[in-house]
1. Is region 135-150 home to any residue that is touching a strand residue (DSSP E or B) at 6+ places or on another chain (Cβ under 8 Å), modelled with pLDDT of 95 or more and away from ligand 2 (no atom under 13 Å from the Cβ)?
2. Tell me, which strands (runs of 3 or more DSSP E) lie completely within region 221-340 with 1 or more residues that are surrounded by fewer than 22 Cβ atoms within 10 Å (Cβ to Cβ), among the β-branched types (Val, Ile, Thr) and out of contact with any Pro (no Cβ under 9 Å at 6 or more places or on another chain)?
3. With the condition kept exactly as written, say whether any residue in region 147-169 is more than 16 Å from ligand 1 (Cβ to nearest atom), open to solvent by 50 Å² or more (accessible area, probe 1.4 Å), in contact with a Cys (Cβ under 9 Å, 6 or more places away or on another chain) and charged (D, E, K, R).
4. Considering region 42-53 alone, what residues qualify as being touching a residue at least 12 places away in the same chain (Cβ under 8 Å) and over 25 Å from the mean Cα position of the chain (by Cα)?
5. With respect to residue 230, is the statement that it is modelled with pLDDT under 95, under 19 Å from the mean Cα position of the chain (by Cα) and within 16 Å of ligand 2 (Cβ to nearest atom) true?
6. Sort out which residues of region 201-214 are within 16 Å of the chain's Cα centre (by Cα) and either more than 17 Å from residue 273 (Cα to Cα) or open to solvent by 80 Å² or more (accessible area, probe 1.4 Å) (or both), and write them in order of number.
7. For residue 176, only one of the following conditions fails: (1) within 12 Å of ligand 2 (Cβ to nearest atom); (2) farther than 18 Å from residue 282 by Cβ. What is its number?
8. Within the bounds of region 179-199, is there any residue that is more than 28 Å from residue 325 (Cα to Cα), within 12 Å of ligand 2 (Cβ to nearest atom), open to solvent by 20 Å² or more (accessible area, probe 1.4 Å) and not acidic (Asp, Glu)?
Amino acid sequence: MNRPYTIATLGSHSALQILKGARDEGFKTLAIANRETERLYRSFAFIDDVIGVDRYSDFMGLLGELEARKCIVVPHGSFVAYLSLDEHKKMTVPYFGNKAVLDWEASRELQREWLARANLKLPRHFKSGAEIDRPVIVKLYGAGGGKGYMFIRDAADFEVRAAHLKEAYTIQEYIIGVPLYIHYFYSPIANKLEIMSMDRRYETNVDSLGRIPAAAQEGMDVSPSYVVVGNSPVSLRESMLAEALRMGDDVVRVSKEICGPKGLFGAFCIETIITPDMQFYVMEISARIVAGTNLFIDGSPYSYLNYSESMSTGRRIAREIKTALLSNNLRSVLDDSSVL
Ligand code: AMP
Ligand code: AMP
């Protein structure tokens with residue numbers, strides 16, 4: 001008899017959502033947790049097994065065991081934060097998603113090319129401090145979760161505060177508007193894009209500066225920082241949903257031209273800022289499940305429209321894997337490096 005597959009992921013980020021969704025779709029579940037979080041993941045009945053490791057980077061040493069246990073790995077934000085691109089590519093354990101997308105996502109230049117080809121509006125990019133003619137945000141490479149980003153008023157401010165930076169960075173036009181993170185799921189089996197949910201991030205201290213009047217801030221040594229500490233739900237003005245869907249469609253279409261026939265599939269997120277003229281400016285794309293979807297473990301207003309049952313992004317991933325298995329086509333939802 002065929003042994004059932006186990007859905008496995010690293011214990012952090014959106015693991016609870018992914019594994020709850022996997023259990024709801026009938027899979028066995030496994031979390032790889034570190035010593036601090038092991039107890040947390042063991043405390044949930046929907047997680048069948050937990051493997052404890054000292055560091056998340058020890059994950060690579062477990063691959064043989066994961067293969068023996070017939071696991072399918074579902075990556076999330078911590079995979080990108082804790083494992084290198086090289087390590088990702090070396091894995092032959094069945095992996096949900098297309099690893100070719102990682103190169104296009106990891107390089108800010110390639111990512112810009114991808115998004116521009118998909119006709120998304122991008123903030124202006126400045127090659128050097130001297131070119132700056134408006135407020136900008138300076139983003140350090142490799143900074144995760146908005147850490148180390150700087151708001152810069154003008155070229156003179158750049159000279160004083162950023163010109164000395166040793167690490168690599170990019171300079172982007174600062175868009176003033178409402179940040180909105182749109183969570184999508186593209187099904188390669190149904191060839192269909194769905195909007196799963198949306199969130200806005202809660203970032204400190206930029207989201208609290210408005211609590212102190214500008215006049216009172218004058219002379220204080222305070223500047224915005226963008227460290228994410230939480231997320232809150234949003235529903236979008238309905239007249240803007242069509243454009244949100246169009247952006248996702250075009251991102252998927254172009255991905256099939258640039259990273260192999262499979263392109264980008266599964267969960268992804270387009271990070272936008274909406275200006276007063278209701279234009280979406282795109283800051284970035286995340287090519288996998290994002291943590292903002294954790295708000296919707298029980299489903300979102302948007303996923304309810306499609307499913308009339310609790311459908312989180314994590315569960316949607318498991319549903320796609322199950323559909324692929326039932327039609328004897330598991331490979332269609334796995335990276336081509338996967339050995340079955
Ligand atoms: P963690 O597992 O919490 O260390 O997070 C891994 C990566 O995901 C980091 O780059 C975080 O900045 C990002 N991340 C974690 N939680 C959130 C969140 N709630 N919203 C946005 N990004 C997050
Ligand atoms: P990111 O690492 O691109 O997700 O950006 C982290 C945070 O920095 C976002 O959630 C925004 O609050 C802010 N941010 C990034 N890019 C811009 C931009 N071009 N204009 C204004 N704020 C931005």
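The values are calculated or read from the model by the stated rules, or taken from the named source; none is laboratory data. Everything numeric in this text was worked out from a predicted model, so none of it was measured. Reconstructed Cβ throughout: ideal geometry from the backbone, glycine too, with neighbour counts over all protein chains shown. Accessible surface is based on the protein model in full, side chains and every heavy atom, while ligands, DNA and RNA are left aside. Shrake-Rupley method; radii C 1.70, N 1.55, O 1.52, S 1.80 Å.
1. no
2. On the way: elements: 226-233, 266-274, 280-286.
Because the criterion is at least 1 residues that are surrounded by fewer than 22 Cβ atoms within 10 Å (Cβ to Cβ), among the β-branched types (Val, Ile, Thr) and out of contact with any Pro (no Cβ under 9 Å at 6 or more places or on another chain), the strands (runs of 3 or more DSSP E) in region 221-340 that meet it are 226-233.
3. No, the conditions are met nowhere in region 147-169.
4. Passing the criteria: 48, 49.
5. yes
6. Residue satisfying the conditions is 202 alone.
7. All conditions pass for residue 176, except number (2).
8. yes
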